[in-house]
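Here, each number is a calculation from the coordinates, and none is a lab measurement. What you see is a predicted model, and the numbers here were worked out from it, not measured in a lab. Neighbour counts are summed over all protein chains in view; Cβ atoms, including those assigned to glycine, are modelled from backbone coordinates with ideal geometry.
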Amino acid sequence: MTMKTVLVTGGNRGIGFEICRQLDERGCTVILGSRDLEKGQETTRYLSNKVVVKQLDVTDQESVFNLYNSLLVEFGKLDVLINNAGIGEKKETHENSLLAGIKNTLETNIPGVRQMIKFSTPLLKKSGIAPHLHGAGDTSLTHVKEIMETNFYGPWRMMQTFIPLLQKSRDGRIINISSGMGELKSLTGFYPGYSLSKSSLNALTIMFSNELKNRGVSVNAMCPGWVKTDMGGPNAPLDVSEGADTAVWLATEKEIPTGNFFKERKIINW
Ligand SMILES: NC(=O)c1ccc[n+]([C@@H]2O[C@H](COP(=O)([O-])OP(=O)(O)OC[C@H]3O[C@@H](n4cnc5c(N)ncnc54)[C@H](OP(=O)(O)O)[C@@H]3O)[C@@H](O)[C@H]2O)c1
């Protein structure tokens, strides 16, 4: 049996690293993408010497192209692309981002401006002039765009670039690491930017799966569950080996369908 060549984005820590570790253990040729090459190289002491570490920032088209060119030369094909790199949501509200903007432009010149705004904001809220929502209603759109750039445009950029290499495989697969927080039916204003990025990633999964249906590449999304990582925090119930399981299964299972959203190896609703 020929072993698969698998590229994992954000492979230097968390769920991405664990996906790399499990695939390496199963004999796959793992390409571990790391935004900071040194951080990626530090992980190799826990992996076999077959693992190849490459610099990859999914928000940077040049970095993505460089990796494409180097994999084309070194491997000539790619069997599986796992879009794992992602960022969470800072608890920054619209009010905070307004304050930050005003602070940057004015505070150095006019001492006390920030204090003035800080003290007047609760009064404005009480008066109903500034509604107090803590959700989609008052989140920072600058921050939403930041999240979308990594969690949504990042995978899109990766898919666009790597499809030609995936088509050189006899069984090309794309696995998008999404989240139950993107499930359409349960969307609330809770972590609105992050949730939107994952709903959008799910929509992209459907779009690409239909586009590639007869072109030899399957495209699926999966939710790892709530996992103990830097993003998931220490209270999460799952450890990384459980969080990585479905992605590793989708990468290595003999036959998988296309255009689905998985959790615990089962299809779930969008
Ligand atoms: N943990 C959970 O409970 C949970 C639940 C549902 C879904 N997920 C999803 O699972 C995936 C992995 O999450 P995690 O918990 O393992 O997160 P994590 O521990 O915070 O790790 C995130 C990884 O993504 C990388 N990354 C961030 N921005 C990047 C960029 N622009 N280019 C390349 N790499 C980048 C980070 O690299 P640096 O080290 O350079 O920052 C890091 O390797 C994410 O897509 C997340 O949304 C996680």
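Residue by residue through segment 174-180, which ³J(HN,Hα) values in whole Hz follow from phi under the Karplus form 6.51 cos²θ - 1.76 cosθ + 1.60 (θ = phi - 60°), with glycine and proline marked x?
10, 10, 9, 7, 9, 7, x
Can you sort L165, L72 from fewest to most other Cβ atoms within 10 Å of each residue's own Cβ?
Neighbour counts put them in this order, fewest first: L72, L165.
List the aspartates and glutamates whose Cα lies under 20 Å from the Cα of K4, skipping any in the same chain that are fewer than 8 positions away.
Qualifying aspartates and glutamates at Cα under 20 Å: E18, D24, E25, E74, D79, D171, D245, E253, E255.
Within the P(r) computed for segment 125-270, what percentage of the Cα pairs occupies the region above 24 Å?
In whole percent, the share of Cα-Cα pairs in segment 125-270 beyond 24 Å is 38.
Give me, ordered by chain and number, the residues 5 or more places off S140 or on other chains with an amide H under 5 Å from its own placed amide H.
Sorted by chain and number, the residues that satisfy this are H94.
What FRET efficiency, computed as 1/(1 + (r/R0)^6) with R0 = 51 Å and r the Cβ-Cβ distance, is obtained for T188 and R45, rounded to the nearest 0.05?
Numbers: r = 42 Å, r/R0 = 0.83.
Between T188 and R45 the formula returns 0.75.
Taking 21 Å as the cut-off for C-alpha to C-alpha distance, list the pairs among K77/K263; K168/K213; K54/K77; K90/K185; K198/K263; K145/K185 that go past it.
Long pairs (Cα-Cα over 21 Å): K77/K263; K90/K185; K145/K185.
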